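Colleague: The structure follows.
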Amino acid sequence: MQKRLSIKMRVTLWFTAVMIVMVAATLLFLFSTSQKEVRNASAYTLEDALQDNLAEIDCEDGALVFDDDFISVRGDVSVSVYSAEGTFLYGKTPKGFAVGTSFADRQLQTVESYGVEWYAYDQREAVDEYGDIWIRAVMSADAIKQTYGSMLHIAGLLLPVLVLLSAAVGYMLTQRALRPVRQITQTAERIGESRDLTRRIDLGEGRDEVYVLANTFDRMFDRLEEAFEKEKRFTSDASHELRTPTAVILSTCEYAAVHADALAEAKDALASVQTQAQKMSALISQLLMLSRADQGQERLQWELVDVSELAELVAEQQQELAAGRGIAIRTKIAPHLLVRGDETMLMRLFINLVENGVKYGREDGYVQIELVQEDDCVVGTVRDNGRGIAPENLGRIWGRFYQEEESRGVGCGLGLSMAKWIVEAHAGHIDAESVQGQGSVFTFYLPKNNAAS
């Protein structure tokens, strides 16, 4: 049955039940302790009345003398004096009280007489020149019980009111506490209906669990929005990059089919097709690698790699590409620097960074490769004196397919994205600095014995 009720109703019912138990337990405790307190208070009242009257009893010529200050009736208390044998001597006995009730020294007795309950307190006292006497104080217990009964009656009337009040307060508190949850639900429903990932719950700052949950959802929506935007850009950029070589291949094939009458013309057409197909193949290969990396399926082959030797090899290989633009490749590489990693991937890291420097470098400029050891890291730097990167674009260069507008058509924009993934896969990190018009510096840090392996 409870499963069919809302959380708000269930919490309200539980809160009400707990409050009922607490109120009932409190009332029960108060009544049980009040009975003892009433009895103790009655004993104190009776004893006090006796002590006040004892001082007013004296003996003259063998007879008891009672001063005028002796009070036989004091409020609800009646005081009487008896001989040691129990003969009534002086005072007032309330009507209905059993006169023959036995005495009990300094003890509170509950006496029932003719359907009425009484409290009686006795004290045996020795009077000089006379002997022992009994002095007794009596008061009705029914009046006290009536008061006690009235309290029970009032409590019985108040209990339902307290139950209803508890239920109302519990409902309001639960409604207030669950208001953020309702806001979370409504926001999620609106996002689902409108597919608008820019919406946020936006509860503000708070320390309780609901605020933490709402802020967690907002951060999750941020990541989802970013992921969807990246996916959209990825699809658009991949389509753009693949469309160009595909269009060249198709147009070349169409032209060759109509106009290539000689073998030389056909070979030229095939060479053009081959070049564009190679670009497509390289692009698809890089996309496949990045896709596997995203899914955690790209496995690195860990071994001890001499990155100094690797950097020198890449510098030598890239000389021809750089010479075509009049760019010199310089090296400043400390020898025999070893890193535990994947040799193929580390070579790809150097190639991508050097190609990037050559591609966006200044003609007759330079690309410099530096490699040193700092503590337990190998620090690599690839710098150039090319056009540089605009400050507002510096944080975007790691995105896939990202290219500045003036660089469109030069490469496919995946090199730096791959370089960043390779460094991070080796438990390192990479930074970029650039001054527009003066060049760029890419610095990466590779732990010698990284935890990723």
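Colleague: What list of ³J(HN,Hα) couplings, whole Hz, do you get for the stretch 318-329 from phi and the Karplus terms 6.51, -1.76, 1.60, once you set θ to phi - 60° and write x for glycine and proline?
Modeller: 8, 4, 5, 4, 5, 4, x, 10, x, 9, 8, 9
Colleague: Between R106 and K267, with labels modelled 7 Å along Cα→Cβ, what's the label distance in nm to one decimal, could you check?
Modeller: Distance between the two pseudo-spin positions: 13.5 nm.
Colleague: On a full-extension model of 0.36 nm per residue, what is the gain between V181 and V435, subtracting their alpha-carbon distance, rounded to one decimal in nm?
Modeller: Length gained, V181 through V435: 86.6 nm.
Colleague: Can you list the GluC sites (Glu not before Pro) in the stretch 45-120 that are in a DSSP coil and have 14 or fewer other beta carbons within 10 angstrom? Write down the numbers at each step before the final one.
Modeller: Working: sites: E47, E56, E60, E85, E112, E117; in loops: E56, E85.
Answer by residue number: E56, E85.
Colleague: Solvent-accessible area of R396, probe 1.4 Å, all protein chains present, reported in Å² to the nearest ten, please.
Modeller: 130
Colleague: Quick one: order E370, E193, E433 from most to least accessible surface, probe 1.4 Å. Don't jump to the answer; show the numbers that get you there.
Modeller: On the way: E370 40, E193 150, E433 130 Å².
Solvent-accessible surface, decreasing: E193, E433, E370.
Colleague: With every protein chain kept in the model, how would you rank Y445, Y171 by accessible area, 1.4 Å probe, largest at the top?
Modeller: Solvent-accessible surface, decreasing: Y171, Y445.
Colleague: Can you tell me the length gained on complete extension of the stretch Q317 to V372, counting 0.36 nm per residue apart and subtracting the Cα distance?
Modeller: Roughly 17.7 nm would be gained on extension.
Colleague: Amide H to amide H under 5 Å from Y366: which residues, 5+ apart in sequence or cross-chain, H placed 1.01 Å off N in plane?
Modeller: A328, N385
Colleague: Another question, then. Provide the gained length on full extension for the span A334 to T443, in nm with one decimal, where the gain is 0.36 nm per separating residue minus the Cα-Cα distance.
Modeller: Full extension of this stretch gives 37.7 nm more.
Colleague: So, one more: Taking the Cα centre as origin and putting +1 on Lys and Arg beta-carbons and -1 on Asp and Glu beta-carbons, what dipole magnitude results for the stretch 49-117, to the nearest 20 debye?
Modeller: 400
Colleague: Let me ask something else. I'd like the Karplus ³J(HN,Hα) series for the stretch 53-60: coefficients 6.51, -1.76, 1.60, θ = phi - 60°, whole numbers in Hz, and an x wherever there's a Gly or Pro.
Modeller: Along the stretch 53-60, the couplings run 7, 4, 6, 9, 10, 9, 9, 9 Hz.
Colleague: Taking square-rooted eigenvalues a ≥ b ≥ c of the alpha carbon gyration tensor, is the stretch 328-377 rounded, prolate or oblate, where a/c under 1.5 means rounded and, failing that, a/b exceeding b/c means prolate?
Modeller: oblate
Colleague: When the solvent-accessible surface of protein heavy atoms is calculated with a 1.4 angstrom probe, in what order do W118, W14, W398 fall, highest first?
Modeller: From most accessible down to least: W14, W398, W118.
Colleague: Applying 1/(1 + (r/R0)^6) with R0 = 51 Å to the Cβ-Cβ distance of I20 and S83, what FRET efficiency is obtained, to the nearest 0.05?
Modeller: On the way: r = 57 Å, r/R0 = 1.13.
Working from the Cβ atoms, E equals 0.35.
The values are calculated or read from the model by the stated rules, or taken from the named source; none is laboratory data. Fair warning: this is a prediction, and the values are worked out from it, not measured in the lab. Neighbour counts are summed over all protein chains in view; Cβ atoms, including those assigned to glycine, are modelled from backbone coordinates with ideal geometry. We work out accessible area using only protein heavy atoms, side chains counted, and drop any ligands, DNA or RNA first. Shrake-Rupley method; radii C 1.70, N 1.55, O 1.52, S 1.80 Å.
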